[in-house]
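One structure is given below, encoded as structure tokens.
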Amino acid sequence: GLLSSFGELEYACSSEHPGGEGGRAPEIETWDPAAAAVQDFPITTYQPVYFLAESLQDAKDKMRRYCEDLPRPFFAQHSAQTDT
């Protein structure tokens, strides 16, 4: 990710995109958790796509809405007998 790699941060933010495949710029897409969830991300090269939120609040709101629609094939159940 950007915070863990100075080289990737430089690649993503520099106008020259050092280290990128063919000097190509990464794509910047609007933050969409559903799209990000299915996006292939290589682990041996810099990312070809980054998702950008308008703000931290925007990112949080979109993630919350995405999580509300996730299928949940499980549920929590409290046992009064064991208090667990």
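Some observations on this one:
- Helix-derived mean residue ellipticity, 222 nm - over the chain, DSSP H n ≥ 4, -39500 (n - 2.57), to 500: -9000 deg cm²/dmol
- In the context of the full set of protein chains, residues of the chain present 81 Å² of accessible surface per residue (probe radius 1.4 Å, heavy atoms only).
- Working note: Cα gyration tensor of the stretch 30-79, eigenvalues times five, square-rooted, sorted largest first, giving semi-axes of 27, 17, 9 Å.
- Relative to the longest principal axis of the Cα atoms of the chain, helix 56-68 runs at roughly 50 degrees.
- Of the two radii for the chain, the radius of gyration is 1.19 times the Kirkwood radius, both from the alpha carbons; that is the Rg over Rh value.
The values are calculated or read from the model by the stated rules, or taken from the named source; none is laboratory data. The shown structure was predicted, so the numbers you read here are calculated from the model rather than taken from an experiment. For accessibility, only protein heavy atoms count, side chains too; no ligands or nucleic acids. Shrake-Rupley method; radii C 1.70, N 1.55, O 1.52, S 1.80 Å.
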